[in-house]
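> Below is one structure. I have some questions about it.
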Amino acid sequence: MRGRPILLAAVALVLPAAALAAAHDRGKPEDSGKKEFHIAMTGAAETPAGDPDGRGTAEIKIAGSQVCWQFKLSRIAAPSAAHIHRGAAGAAGPIVVPLGGAYKSKGCIAAPSAAIARQIAARPSAYYVNVHNAKYPGGALRGQLAGSRTPAPAPAASGGTTTTPASTIPAMTTEDPSGDGYGAGY
């Protein structure tokens, strides 16, 4: 009998705290809204076919309505523009996020709306990124966002800690001191 009042007191303290924590967690989304995509790009993936010799990669980060990118391209003529389009693999689609005006290999921009950024993050298989040039105005290289999310880092062999390499994509920022739509430093 002696332990029963202590047990009841402990339960009386723990249950409200647990209920408060559960209520707090229900208000939070499970995902922070930040998505990263690492995309292999080829001319063969473009519709109609793009540069058969070209290759490239794109890294796309979405945080809220901010979209950042970095391209590494090879064996194509000078790029003139880059975009994120709505369209399944094998289908051409409309531009939903222009990645700057004239082509830049990296940068950040606000998506036309937060809803578009959320849709891309939620259904990446319905979107692709491509790079255009004068020889291939419909698109020289293309890569689908589907299945290209950043994998979780593998646990380290000793100690169970993990490390993730720093990204080369610029930090997400809403600062735009020059007013050109590219964020700080572009």
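The values are calculated or read from the model by the stated rules, or taken from the named source; none is laboratory data. Just so you know, these numbers come straight off a predicted model, no measurement behind them. Neighbour counts run over all protein chains shown; Cβ positions are idealised from the backbone, glycine included.
> Could you tell me whether any residue of the stretch 93-104 is touching a residue at least 60 places away in the same chain (Cβ under 8 Å), out of contact with any His (no Cβ under 7 Å at 6 or more places or on another chain) and either among the hydroxyl-bearing types (Ser, Thr, Tyr) or outside any loop (DSSP other than H, G, I, E, B) (or both)?
No; the residues of the stretch 93-104 include none that is touching a residue at least 60 places away in the same chain (Cβ under 8 Å), out of contact with any His (no Cβ under 7 Å at 6 or more places or on another chain) and either among the hydroxyl-bearing types (Ser, Thr, Tyr) or outside any loop (DSSP other than H, G, I, E, B) (or both).
> Answer yes or no as to whether Ala115 is small (Gly, Ala, Ser) and closer than 14 Å to Gly139 by Cβ.
It is false that Ala115 is small (Gly, Ala, Ser) and closer than 14 Å to Gly139 by Cβ.
> Quickly run through the stretch 117-172 and pick out the residues that are among the β-branched types (Val, Ile, Thr) and at pLDDT below 50. Steps first, please.
Of the stretch 117-172, the ones among the β-branched types (Val, Ile, Thr) are 120, 129, 131, 150, 161-164, 168-169.
Thr150, Thr161, Thr162, Thr163, Thr164, Thr168, Ile169 - these are the residues of the stretch 117-172 that are among the β-branched types (Val, Ile, Thr) and at pLDDT below 50.
> Of the conditions (1) closer than 21 Å to Gly54 by Cβ; (2) in contact (Cβ under 8 Å) with a residue 60 or more places away in the chain; (3) part of a strand (DSSP E or B), Cys108 fails just one. Which one is it?
Going through (1) closer than 21 Å to Gly54 by Cβ; (2) in contact (Cβ under 8 Å) with a residue 60 or more places away in the chain; (3) part of a strand (DSSP E or B) one by one, Cys108 breaks only (1).
> Follow-up question, since we're still on this one. Please state which one of Ala44, Ala77, Ala40 is at pLDDT 95 or above, assigned to a strand (DSSP E or B) and loosely packed, with under 15 Cβ neighbours inside 10 Å.
Ala40
> Assuming Leu73 fulfils every condition listed in (1) farther than 13 Å from Cys108 by Cβ; (2) under 16 Å from the mean Cα position of the chain (by Cα) apart from one, which condition is it?
The single condition Leu73 does not satisfy is (2).
> May I pose another question? Go through the stretch 121-151 and count every residue that is in contact with a helix residue (DSSP H, G or I) (Cβ under 8 Å, 6 or more places away or on another chain) and surrounded by 13 or more Cβ atoms within 10 Å (Cβ to Cβ). Steps first, answer last, please.
Within the stretch 121-151, the subset in contact with a helix residue (DSSP H, G or I) (Cβ under 8 Å, 6 or more places away or on another chain) is 126-127, 144-149.
From what's left, surrounded by 13 or more Cβ atoms within 10 Å (Cβ to Cβ): 126-127, 144-146, 148-149.
So the count comes out to 7.
> Follow-up question, since we're still on this one. I'd like to check something: does the stretch 60-71 contain any residue that is part of a loop (DSSP other than H, G, I, E, B), surrounded by 16 or more Cβ atoms within 10 Å (Cβ to Cβ) and modelled with pLDDT under 95?
yes
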